[in-house]
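Read the structure below first, then the notes.
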2 protein chains.
Amino acid sequence: MNGAESLLETLVACGVDTCFANPGTSEMHFVAALDKQEGMRSVLGLFEGVVTGAADGYARMAGKPACTLLHLGPGLANGLANLHNARRARVPLVNVVGEHATYHRHLDAPLTSDINGFASPVSGWIRAPETADQVAQAGAEAVAAACRPPGQIATLILPADTAWNEASGAASPIAPDRPNAPSDEAITAAAHALRSGESCALLMNGAALSEAGLELAGKIRTATGARLLADTFVTRIARGAGRVDVERVPYFGEQAEETLAGIQHLILVATKAPVTFFAYPGKPSELTPEGCDVHTLAAVDEDACAALAALVDALDAQVLDPGAMAHATTGLGTGPLDPAAIATSLGHLLPEHAIVVNEAATSGFAIPAMTAGALPHDWLDLTGGAIGQGLPTATGAAIACPDRKVLALEADGSGMYTLQALWTQARESLDVTTVIFANRKYAILQVELMRVGAGNPGRKAMDMLDLSRPDLDWVALATGMGVPASRATNMEEFNQQLARALATPGPALIEAVI
Amino acid sequence: MNGAESLLETLVACGVDTCFANPGTSEMHFVAALDKQEGMRSVLGLFEGVVTGAADGYARMAGKPACTLLHLGPGLANGLANLHNARRARVPLVNVVGEHATYHRHLDAPLTSDINGFASPVSGWIRAPETADQVAQAGAEAVAAACRPPGQIATLILPADTAWNEASGAASPIAPDRPNAPSDEAITAAAHALRSGESCALLMNGAALSEAGLELAGKIRTATGARLLADTFVTRIARGAGRVDVERVPYFGEQAEETLAGIQHLILVATKAPVTFFAYPGKPSELTPEGCDVHTLAAVDEDACAALAALVDALDAQVLDPGAMAHATTGLGTGPLDPAAIATSLGHLLPEHAIVVNEAATSGFAIPAMTAGALPHDWLDLTGGAIGQGLPTATGAAIACPDRKVLALEADGSGMYTLQALWTQARESLDVTTVIFANRKYAILQVELMRVGAGNPGRKAMDMLDLSRPDLDWVALATGMGVPASRATNMEEFNQQLARALATPGPALIEAVI
């Protein structure tokens, strides 16, 4: 077998069975090896941002890495923004990047670039084998590195001759590291704070937001009155009926300060102390209230659920009611077609075990509240602020969970970044319903322009924040990529179109003109 | 004035009057400053690959840099592939990247990333001012650095507080370096080779391919019988009636070897010795024939036209006929709709002084020959192999040259990478006619899969090289972004649609289903 075949066989042996790909000439032996490796599914994306975002969404839902296949430095470059998001999501991801043959690199052919340089800002691990014999072992190490808690991007750079030369065979899987156990001191300190009678809050992300983690957190809340908070943007959270609901730290700093005000002990579970997304002139960047003690119950690489369980034990809260949500919605949204009415309908119509991918930006502010009592679902956020994550992540989540409906809530400006994901949804017949919130502007920037004190904008400035002239026609765009689409201009149309899309398997897109 | 205002005023004073932008919160003061700076045009792209590719196309046609405005590391990352192409094109480009406020960076907010790391592989110059007072001078230096011969990418990283804090004023322009003069030794050696009676060829790129450079090269050919060759992919070349035509080094190595066979003296003018685009098992990567002497008449940073003029003088060829092309076309293409017939029609219908942007890939092989005798035009190639350059580059070229028709020849696979460029063409009413060669596959990869000896591909491999299931509908995609579009399924339709688009100002797209 050649190096590429040894890599594919190794990856499959390590449990990696899905490859999101956009290959080029230097990756042709990898592509040919896909044919021979029955255990590996390969999914084509027509742009690399789709490939990497899909690998992120896959990892969030499958709980294990997919691999990518990218074409040299520029192919990697096109996928970097969603790798940035995946890095922030702390998901495992094996990022395979083709490279010129080892003896061709020094010639500086047109596609030659510093692949290591491009990969470094997003990768926790990078290797570039120099011989075919090293490829399989590097593949096994890449999977182990990707799975190192809490999860990271492992980039494997594959020179073409290491793929086509004869290799000695596959490598054995390497047992992945387990997350570190939380320290007894951290648990004792958190329990002490929670028993102090002072105002306490748990701020959570990562595994703490799984159904099991939240149930434990709910028991702690019942036992102590502590507030339960989650980061503004989370990798994945279990929500809806039967799950413990948590408050989110709001996006805007002023609101976040209000939410956090009065907390005397902030207990971090798989996250860091809160900071604002951006700096604003004359406003604080750090959001921890003055005088508040910050306790790290579990660092991001530690076992958050074990830490919460130990804390439940320390508080003798094992048998307490976690205070899960009842199923409760307020019916279909009515009145004008706007984000609030849409949020109401989403809560009412969301199917059981749906996967909600949220890149709705300003149009999505009402949705968390209106879906808290919906049927149980998982919710995935834009974790790194690099817009263009939603449609690809929805694509990858649908590949990971073929039996669940995926609902992608997408701002029009963000959606345009990686709209090519719709084609992959059509080719793979993925069960994704996309709602485009077509407000025809970068609405967040119109707010932010004011908030940063940049003055009264004129036409030239506003043109940079505006998606009109011409209006985007998302029905045409989706149809052009093979996804059935419709446009809603009032709530009756929206409700009907959403109900139909959610009831029909396969991809569909609704442009909500708000 | 604040730092952003001082930067804008400096850029305009330095002759930079066009900004291709996709801003975010951290760039809002720059956006607000755009309003106050009448000398700067700002053009919105809905994806950063559009922004950077447009800046490349603009520079190729304007002969001076535009600036970009990109949002932090991920915004830069999305623009990197076309910056890679711009680097290979050796164009001047001022790449402005927003950054978190200096005091916010260490907090590792979600959008924080290693911007310097992302920028390094494509940038010849990088600066990140730490105070508002440093911004204007850094801007002036960025322009000078961008213009350093032959042209390069100067990346200016702009922390938000350096944009919003008070600055002391604009900086003065810095006189750009002139290209180095070619050495007398190089001219003497080239003249000696050309007079030797042995087989000689000039291999050219850069300014050598301007109308003036080619005329000089033509005189050298007349005087000595030397062959005139250009690189496979060139930044810009003057072509058509009245211009001196040159042979291109073919893309495929075997054909390139054939083209170069027998050359005893290869004289390089603003380029390097030829190498294959990719490595292939058992085949050479270097294309210079064995025993051939390689002479560098002008290095890439030297004045290629001055070198050619000096060589003309040395050969006493000043008054010789350069052998320019006569105007000659073979009428409209007929028969089945295929790349050859389309190429024939393109040669016949190409308007005078059109700008041809070529990213037609395998569908474009016949076009150079069929347009050699067309009306005079400029031709821009995909220089760095990172597909997705054509539509953005056409956009930027149209901004630079509002009085000239731009014809973008675009492969469907490549076009999908940065299709958002069509929206910018619509918003700015740019005079761009796009022809999509819709063969519904990555045809080059189907060829390359065989050429690299990757074996007989099965269905799973071929699926990765195929754009069907579903077919892309380019008429819908273009219409969805406000560009009038039509589909041609035979040559009669194609000829009619092309003639109409070329006769009508404004953007138009023709999907040629080949």
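The values are calculated or read from the model by the stated rules, or taken from the named source; none is laboratory data. Nothing here was measured: the structure is a model prediction, and the numbers come from that model. Don't worry about glycine lacking a Cβ; one is built from the backbone with ideal geometry, like all the others, and counts go over all protein chains shown. SASA here: full protein model, heavy atoms, side chains in, ligands and nucleic acids out. Shrake-Rupley method; radii C 1.70, N 1.55, O 1.52, S 1.80 Å.
Output ³J(HN,Hα) for the range B:118-127: one whole-Hz value per residue in order, computed from phi by the Karplus curve 6.51 cos²θ - 1.76 cosθ + 1.60 with θ = phi - 60°, and x for Gly and Pro.
5, 6, 4, x, 10, 9, x, 8, 9, 9
What is the average number of partner chain Cβ atoms found within 10 Å of a Cβ in A:18-28? Write down the numbers at each step before the final one.
Working: counts 0, 1, 0, 2, 5, 7, 8, 14, 5, 5, 15.
Across the residues of A:18-28, the mean count of other-chain Cβ atoms within 10 Å is 6.
Could you please state, rounded to a whole Å, how far the C-alpha centre of the range B:295-341 is from the C-alpha centre of the range B:487-513?
30
Would you mind telling me the antiparallel percentage of the DSSP bridges in chain B, rounded to 5?
Antiparallel bridges make up about 10 percent of those DSSP assigns within chain B.
Based on Cα coordinates alone, diagonalise the gyration tensor for the range B:269-317, multiply each eigenvalue by 5, take square roots, and list the semi-axes in whole Å, largest first.
Numbers: eigenvalues 175, 33, 8 Å².
Here the semi-axes work out to 30, 13, 6 Å.
Could you tell me how far the Cα centroid of the range B:388-452 sits from the Cα centroid of the range A:379-450, in Å?
Using only Cα atoms to place each centre, the spacing works out to 25 Å.
Calculate one ³J(HN,Hα) per residue across the range B:163-178 by plugging θ = phi - 60° into the Karplus curve 6.51 cos²θ - 1.76 cosθ + 1.60, and present them in order as whole Hz with x for glycine and proline.
Karplus values, whole Hz, x for Gly and Pro: 7, 9, 6, 5, 10, 8, x, 6, 9, 7, x, 9, 4, x, 4, 8.
Calculate for chain A the 222 nm mean residue ellipticity that helices alone would give, adding -39,500 (n - 2.57) per DSSP H run of length 4 or more and normalising by residue count, nearest 500 deg cm²/dmol. Please list the in-between numbers first.
Numbers: 20 runs with 191 residues, N = 514.
Here the helix-only value at 222 nm equals -10500 deg cm²/dmol.
So how do B:348, A:71 rank on accessible area, 1.4 Å probe, biggest first, that is with the largest at the start? Write down the numbers at each step before the final one.
Details: B:348 85, A:71 30 Å².
From most exposed to least exposed: B:348, A:71.
Between B and A, which B residue has the Cβ nearest their rotation axis, distance in Å?
B:476, 2
If you keep only loop residues by DSSP, which GluC sites (Glu not before Pro) in the range A:1-59 have at most 15 other Cβ atoms within 10 Å of their Cβ?
A:38
Within 10 Å of each Cβ in B:102-111, how many Cβ atoms from other chains are there, averaged over the peptide?
Whole-number average of other-chain Cβ neighbours for B:102-111 is 6.
Between residue B:130 and residue B:340, what is 0.36 nm times their sequence separation minus the Cα-Cα distance? Round to one decimal in nm.
On the way: separation 210, 0.36 × 210 = 75.60 nm, distance 5.60 nm.
Between residue B:130 and residue B:340, full extension yields an extra 70.0 nm.
Run the numbers on the range A:77-92: which residues show a drop of 10 Å² or more in accessible area, chain on its own versus all protein chains together, using a 1.4 Å probe over heavy atoms?
A:77, A:78, A:80, A:81, A:84, A:87, A:88
At the nearest 100 Å², what buried accessible area, both sides summed, do you get for A and B when the probe is 1.4 Å?
Answer for the A-B pair: about 8100 Å² buried.
Between copies, how far does the label point of residue A:172 sit from its twins, in nm, shortest first, when each point is 7 Å from Cα along Cα→Cβ?
The projected label point of residue A:172 is separated from its counterparts by 7.3 nm.
With the other protein chains left in place, how much accessible area per residue, in square angstrom, belongs to the protein assembly as shown at a 1.4 angstrom probe?
Value returned for the protein assembly as shown: 31 Å² of accessible area per residue.
Among A:490, A:385, A:502, whose Cα sits farthest toward the positive end of the charge dipole of chain A (+1 at Cβ of Lys/Arg, -1 at Cβ of Asp/Glu, about the Cα centre)?
The one lying farthest along the dipole's positive direction is A:490.
How do B:90, B:178 stack up against each other in accessible area, from largest to smallest, with a 1.4 angstrom probe?
Most to least solvent-accessible, the answer reads B:178, B:90.
Just to confirm the numbers: residue B:319, label point 7 angstrom along the Cα-Cβ line, distances to the other copies in nm, shortest first?
Here residue B:319 shows inter-copy label distances of 11.4 nm.
Give the Rg/Rh ratio for the protein assembly as shown, taking Rg as the radius of gyration of the Cα atoms and Rh as the Kirkwood radius, to two decimals.
Computed over Cα atoms, the ratio is 0.99.
Calculate one ³J(HN,Hα) per residue across the range A:415-423 by plugging θ = phi - 60° into the Karplus curve 6.51 cos²θ - 1.76 cosθ + 1.60, and present them in order as whole Hz with x for glycine and proline.
Whole-Hz 3J(HN,Hα) from phi for the range A:415-423: x, 5, 5, 9, 4, 4, 4, 4, 4.
Once R0 is set to 45 Å, what does the formula 1/(1 + (r/R0)^6) return for the Cβ-Cβ distance between residue B:447 and residue B:212, expressed as a FRET efficiency to the nearest 0.05? Walk me through the numbers on the way to the answer.
Values: r = 37 Å, r/R0 = 0.82.
It comes to 0.75.
Around residue B:43, which amide H atoms from residues at least 5 apart in sequence, or from another chain, sit under 5 Å from its own amide H, with H modelled in the peptide plane?
The answer is B:19, B:20, B:21.
Summarise the accessible area of the range B:96-219 (1.4 Å probe, protein heavy atoms) by the percent that is carbon and sulfur.
On the way: 2280 of 4700 Å².
Its accessible area is 48 percent carbon and sulfur atoms.
If I compute solvent accessible area with a 1.4 Å probe over the protein chains, what percent of it on the range B:348-394 is carbon and sulfur?
Values: 690 of 1060 Å².
The nonpolar share, carbon plus sulfur, comes to 65 percent.
If you put a point 7 Å past Cα along the Cβ direction, how far is that point for residue A:353 from the same point in each other copy, in nm, smallest first?
For residue A:353, the inter-copy label distances come out at 6.6 nm.
Compute the Cα gyration tensor for the range A:323-386, then decide on rounded, prolate or oblate, letting a ≥ b ≥ c be the square roots of its eigenvalues: rounded whenever a/c is under 1.5, prolate when a/b is larger than b/c in the other cases, and oblate in all that remain.
Because a/c hits 1.5 or more and a/b fails to exceed b/c, the range A:323-386 counts as oblate.
Would you mind getting me the FRET efficiency between residue A:318 and residue B:469? Use the beta-carbon distance for r and R0 = 41 Å, nearest 0.05. Working shown, then result.
Working: r = 54 Å, r/R0 = 1.31.
Step by step, r from the Cβ atoms, then E = 0.15.
Partner chain Cβ atoms within 10 Å, averaged over the residues of B:118-128 - can you pull that number for me?
3
At what distance in angstrom do the alpha carbon centres of the range A:99-157 and the range B:142-206 lie from each other?
The distance from the Cα centre of the range A:99-157 to that of the range B:142-206 comes to 33 Å.
Return the percentage of antiparallel bridges among DSSP beta bridges fully within the protein assembly as shown, rounded to the nearest 5 %.
The antiparallel fraction comes to roughly 10 percent.
Enter the accessible area of residue B:352 (Å², nearest 10), with the probe set to 1.4 Å and all protein chains included.
Per-residue accessible area (residue B:352): approximately 110 Å².
If you rank B:210, A:168, A:345 by how much accessible surface each has, with a 1.4 Å probe, what is the order from largest down? Kindly include the intermediate steps, with their values, before the conclusion.
Numbers: B:210 45, A:168 105, A:345 0 Å².
Greatest to least solvent exposure: A:168, B:210, A:345.
Would you please give the residues with an amide H less than 5 Å from that of residue A:511, counting only those at least 5 places away or on a separate chain, with H modeled from the backbone geometry?
Placed amide hydrogens put A:436, A:486, A:487, A:488 under 5 Å from residue A:511.
Determine how many Å³ per residue the convex hull of the Cα atoms of the range B:1-159 encloses.
91
Amide H of residue B:97 versus every other amide H placed in the peptide plane: which residues, excluding those fewer than 5 positions away on the same chain, fall under 5 Å?
Hits under the 5 Å cutoff: B:70, B:156, B:157, B:158.
Would you work out what percent of the accessible area of the range A:418-514, with all protein chains in place, is carbon or sulfur (probe 1.4 Å)? All intermediate terms of the calculation are to be shown ahead of the outcome.
Details: 1680 of 3180 Å².
Within the range A:418-514, the accessible surface is 53 percent carbon and sulfur.
About the Cα centre, and with charges only on the beta carbon of Lys, Arg (+1) and Asp, Glu (-1), how big is the dipole of the protein assembly as shown? Nearest 20 debye, please.
With only Lys, Arg, Asp and Glu charged at Cβ, the dipole is about 1120 debye.
Taking 7 Å along the Cα-to-C-beta vector as the label spot, tell me the residue A:180-residue B:181 distance in nanometres, rounded to one decimal.
It works out to 6.5 nm between the two label points.
Quick one: net charge around residue A:14, please, counting Lys, Arg +1 and Asp, Glu -1 for every other residue with C-beta under 13 Å from its C-beta.
-2
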